[in-house]
1. At a 10 Å Cβ-Cβ cut-off, how would you order T97, T131, fewest neighbours first?
2. Take the Cα atoms of region 113-186, find their three principal axes, and give me the spread along each one in whole Å, biggest first.
3. Greater than 32 Å separation of Cα atoms is the criterion. Which listed pairs, K73/K149; K21/K208; K21/K184, meet it?
4. Would you mind putting 213-223, 113-123 in packing order, based on average other-beta-carbon counts within 10 Å, highest first?
5. Can you give the FRET efficiency to the nearest 0.05 for N128 and L188, using r as the Cβ-Cβ distance and R₀ = 25 Å?
6. Find, among the trypsin sites (Lys or Arg not before Pro) in region 149-208, those assigned to loop by DSSP (not H, G, I, E, B) with at most 14 other beta-carbon atoms within 10 angstrom.
7. Could you calculate the contour length gain from T136 to S224, that is, 0.36 nm times the residue separation minus the distance between their Cα atoms, to one decimal place in nm?
Amino acid sequence: MEGMIARNNSWVAARLDGLRKLRWMPAIVSNGADEFEWGVGAFFWFRDNRHWLSLWDTNVETGFLIRSVQNAKYRRLIHFPYPFKNARASLLGITNTNSALLTGCDLLNKPSGLTEQAEMSSYPLSGNSHTVYRYTILLPEIAQICELKLSPQGDKLIWFLQPDPGRKGNPHINVWLSDKLGRKFSRLYTLPSYMTVDEVHDVRWNPKGSLVGFVANNALWAISISQLTNSK
């Protein structure tokens, strides 16, 4: 099933063929603030396909909100201290160790500034451990981070990096693959120069984690990573 936020701020989950649709109204969590106050544009399914995770944030509290497809009243809020100074957190997904992965990279405002590193935080979602793992990923090149996506399996990251965007002409966007810790960077592809930062959007993995698709210049593009990962 795919999901979205409707105009009245309700959650809507539906099969792609439209044969089944479920709707939940927003949940009042605390202090009169509902879960749509800030930053829940991105949400991710758990591997049981019955629960999903979103980032819940107000000026007072931060946390992860877990909802259920089977029970509209089910809500689990996991509080955590805000991980990044002077940066807006972006939720990347759920890792293969069942942790929520956040980045301090500004993925909402384009173009972003040049950087040589990415700040990351990993939060356990199950068990008794509340240890937060914070780490820094050194990028393979000084660049703008145009897009950053965690694979459905939760073990790989796809990066769209644009080096030296201030130089004359249209700089190329390089597509890189790494593991979730930012190791073993491999360049997959260099986009044509006419594909600018503003025109590349809606980057998505396929469910098997073998393709990465995106929209650019009114066309759908796909990059295969299966040959690269199978050759190692």
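Bear in mind these aren't lab numbers, they're just calculated from the coordinates by the rules spelled out. What you see is a predicted model, and the numbers here were worked out from it, not measured in a lab. Using ideal geometry, Cβ is built from the backbone for each residue, glycine included, and neighbour counts are taken over all protein chains shown.
1. Working: T97 14, T131 8.
Ranked by crowding around the Cβ, least crowded first: T131, T97.
2. 53, 21, 17
3. Details: K73/K149 30 Å; K21/K208 24 Å; K21/K184 41 Å.
Checking Cα-Cα distances, K21/K184 exceed 32 Å.
4. 113-123, 213-223
5. On the way: r = 39 Å, r/R0 = 1.54.
Computed FRET efficiency for N128 and L188 comes out at 0.05.
6. On the way: sites: K149, K156, R167, K168, K180, R183, K184, R187, R204, K208; in loops: R167, K168, K180, R183, K184, K208.
Passing both the DSSP loop test and the Cβ count: R167, K168, R183, K184, K208.
7. Working: separation 88, 0.36 × 88 = 31.68 nm, distance 2.70 nm.
Computed gain between T136 and S224 is 29.0 nm.
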